[in-house]
């Protein structure tokens, strides 16, 4: 059976003979703090990842190909907008469930989690939060079901960490706006049916517009040559006098607060998700240390290996507690953007450190695709940077605790 891969029809993927042995690690019994719905959601996504992602992901990452056939499966397990209302195509769950789902997806691969979090947090969320009722009814059910694929256009070639410098713009032209500009490093863009794009209007205000595939002057070329997130498709968004109907403008936001609130939603998911990658690396390293024999005994019996493993599970546990507390705040509407920044930065840095230590425990085998560790490590180099870089999140925390702005 054929399917689309990076927009091209190809044969169905070959399933590798690889068994996913992961079971989970909860050193501080955090599961006791979770509700039954959280545990059920986690098990459902974990089962799906083991069946659909783990057997094929090394092959797709090796070929730098996106497993686009997984979009439908992600929709079926409720990974698109889990915490958005069901009437608009979401899952109707709480923010902790959303985080847990992202964690299980990223345990499989950061790129698979990106496919889901972009769709839910950066496309469905702004339409739900700032869109008209007509826009919600038109786009959200199709995005939630996976019939439509979406992307989010904020980052520009010359404006990454400083979105306020954007030059993409819209100009009034009767019943439409004329959109010009370009966006860079956009997950899902070459496949997207709709793009939520942020542009500056003639008054200098930041507006969100919904751009549809096929609009004249709109193109989304793919970016090639990535050594990270190789199973995720990334591209540009290019707008050359694109005529966008005024009914496609999000009516309930006209400032940078709009895209930044979407980023907070996505960063929250990453804070949970990166822990999933760390857990997978730790799980693989622990099992390998118990099976790999050197000098007459398993390497897990040596002090330096135990030091690595003990530090890994300690840092993972601290991150698990941090995001759980963040989730309880988010459920009450009390999680601040600065608190989300702290968690995103901590989880990403922790996960990358765990991946590097796990790679050492695996020795030479750690650089092969027989194990997931090197793929996670390469992915996490991107996760550390996107949705706000490691240093930018550090300065967000610094500004929050001092009251002084280091960005200017």
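The table below lists the values:
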item	result
Test result for residue 145, under 28 Å from residue 376 (Cβ atoms) and either at pLDDT below 95 or surrounded by fewer than 24 Cβ atoms within 10 Å (Cβ to Cβ) (or both)	no
Any hit, region 129-142, residues being touching a helix residue (DSSP H, G or I) at 6+ places or on another chain (Cβ under 6 Å) and closer than 20 Å to residue 273 by Cβ	no
Flag for residue 263 being touching a residue at least 60 places away in the same chain (Cβ under 8 Å) and outside the structural domain of residue 384 (by TED's automatic domain parsing)	no
Any strands (runs of 3 or more DSSP E) falling wholly within region 104-216 and containing at least 2 residues that are in contact (Cβ under 8 Å) with a residue 40 or more places away in the chain and more than 22 Å from residue 229 (Cα to Cα)	169-173, 176-187, 194-200, 206-212
Residues of region 150-159 satisfying the condition of being in contact with a helix residue (DSSP H, G or I) (Cβ under 6 Å, 6 or more places away or on another chain) and either over 20 Å from residue 68 (Cα atoms) or surrounded by fewer than 23 Cβ atoms within 10 Å (Cβ to Cβ) (or both)	154, 159
Test: residue 27 is over 17 Å from the mean Cα position of the chain (by Cα), over 30 Å from residue 129 (Cβ atoms), at pLDDT 95 or above and surrounded by fewer than 19 Cβ atoms within 10 Å (Cβ to Cβ)	yes
Some residue of region 385-405 being under 19 Å from residue 105 (Cβ atoms), buried (at least 21 other Cβ atoms within 10 Å of the Cβ) and in contact with a helix residue (DSSP H, G or I) (Cβ under 7 Å, 6 or more places away or on another chain)	yes
Verdict on residue 79 being within 12 Å of the chain's Cα centre (by Cα) and modelled with pLDDT of 95 or more	yes
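The values are calculated or read from the model by the stated rules, or taken from the named source; none is laboratory data. It should be emphasised that the depicted structure is a prediction, and the values quoted were computed from it without experimental measurement. In this analysis, Cβ positions are derived from the backbone assuming ideal geometry, glycine residues included, and neighbour counts consider all displayed protein chains.
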